[in-house]
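The values are calculated or read from the model by the stated rules, or taken from the named source; none is laboratory data. None of these values were measured; they are calculated from a predicted model. Note: ideal-geometry Cβ built from the backbone for every residue, glycine included; neighbour counts use all protein chains shown.
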Amino acid sequence: MFKIIKSALLLSFVLLLNNAFAQQTTLRDQIIELSKPAKGIVGVSVLNLEDRDTVNYNGNSRLVMESVLKLPVAMAVLHLVDVGKVSLTQTIHIKKKDLPKTYSPLRDKYPDGNVDVSIGDLLSYMVSQSDNDACDILINFLGGPDQVEDYLTMTLKLKGINIEANEADMGKDWNVQYTDWCKPKAIINLIDAFYTGKALLSPSRDFLYKIMTETTTSPSRIKGLLPAGTVVAHKTGSSDTNTAGVAAGTNDVGIITLPNGKHVAIAVFITNSTADAATRDAVIAKIAKAVYDYQLTKKY
């Protein structure tokens, strides 16, 4: 009798494993199919932050970051807050020369500069509104892109994210944007470190999570097909389209809160796409919805 029960339990366990593998394979197959209209390189990484279930497609490909760069910049600044070197209320004096013409709600508000803006407000501009000038002001405050890279590799011991250029650098030469790249799995590792408290103290974590939920850019990507009211803390990234019709990067990374209270980290990168902007956004939205639906089928 004991042998029969033991065999039955083993069979049940094997069936559960097979079912979980089949579900994951099905989701990955969905992602592959949904990626095709992008007409470019699509990289996806997914991690359930509670049960640690993962799904990856081109997760180790080196894909252009665009303004997803601003997430590690924010974390590097908040690390300085955590170690007591700066505070969110500390101000930085901004001159007119610090506000070159680019996408910048900060410059729109203070076109002549000569203003003191708190680090907390600069972080909000940079993350929630993807402000390019705020990003470069904070990178300069840190000491340059190398300091962000050092934070990732030396402090967090993370590999797979390469940062060499700021927003101004990328605006001057089309090819420079490709020097800021990451592997989708690596950016998910960064999000995991932030969310689980391995990288930031609770106040900094809560602040970053809040400004990520207040993101106003590209609402038709990860959030596009999710149920109204779904909480998404995310950071987008977008390039221009060159004369050959190639968009270097269309990205969205972040954390989706599920109805059951669980959380799933997701990163979708589209590099060197010849599809139009609406199609690229729809690819990200459909992948996010497939991930969301899959997570709801899991039994806890």
Failed condition for Thr271, given (1) modelled with pLDDT under 95; (2) within 22 Å of Val176 (Cα to Cα): (1)
Odd one out for Gly245, checked against (1) surrounded by 14 or more Cβ atoms within 10 Å (Cβ to Cβ); (2) in a loop (DSSP other than H, G, I, E, B); (3) not charged (D, E, K, R): (1)
Some residue of segment 92-109 being hydroxyl-bearing (Ser, Thr, Tyr) and out of contact with any helix residue (DSSP H, G or I) (no Cβ under 6 Å at 6 or more places or on another chain): no
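Restricting attention to segment 171-209, which residues are under 26 Å from Ile270 (Cα atoms), in contact (Cβ under 8 Å) with a residue 60 or more places away in the chain and among the hydrophobic types (A, V, I, L, M, F, W, C)? Before the answer, list the steps.
Step one: list which residues in segment 171-209 are under 26 Å from Ile270 (Cα atoms), which gives 171-195, 208-209.
The next check asks that each one be in contact (Cβ under 8 Å) with a residue 60 or more places away in the chain; those that pass are 171, 174, 177-178, 180-185, 187-188, 190-192, 194-195, 208.
The answer is Trp174, Trp181, Cys182, Ile187, Ile188, Leu190, Ile191, Phe194, Leu208.
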Conditions (1) part of a loop (DSSP other than H, G, I, E, B); (2) under 18 Å from Ile255 (Cα atoms); (3) without any contact (Cβ under 8 Å) to a residue 40 or more places away in the chain; (4) within 16 Å of the chain's Cα centre (by Cα); number of the one not met by Thr217: (3)
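Hey, among Tyr195, Tyr209, which residue is crowded, with 19+ Cβ neighbours inside 10 Å and touching a strand residue (DSSP E or B) at 6+ places or on another chain (Cβ under 8 Å)? Let's see the steps before the verdict.
Working: Tyr209 fails: crowded, with 19+ Cβ neighbours inside 10 Å.
Every option except Tyr195 fails the conditions.
State yes or no: is Gly197 assigned to a loop (DSSP other than H, G, I, E, B), under 23 Å from Val291 (Cα atoms) and small (Gly, Ala, Ser)?
Answer is no for this residue.
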Count of residues meeting criterion [out of contact with any strand residue (DSSP E or B) (no Cβ under 6 Å at 6 or more places or on another chain) and on the phi > 0 side of the Ramachandran plot] in segment 82-133: 3
Residue check, Ser67 assigned to a loop (DSSP other than H, G, I, E, B), closer than 30 Å to Ile41 by Cα and of a type in the set (Gly, Ala, Ser): no
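Residue under question is Arg205, and the condition is that it be part of a loop (DSSP other than H, G, I, E, B), of a type in the set (Lys, Arg) and on the phi < 0 side of the Ramachandran plot; does it hold? Walk me through it before giving the result.
Values: part of a loop (DSSP other than H, G, I, E, B): no; of a type in the set (Lys, Arg): yes; on the phi < 0 side of the Ramachandran plot: yes.
Judged against the criteria, Arg205 is not a match.
Within the group Asn175, Asn189, which residue is part of a helix (DSSP H, G or I), polar (S, T, N, Q) and under 22 Å from Ala248 (Cα atoms)?
Asn175
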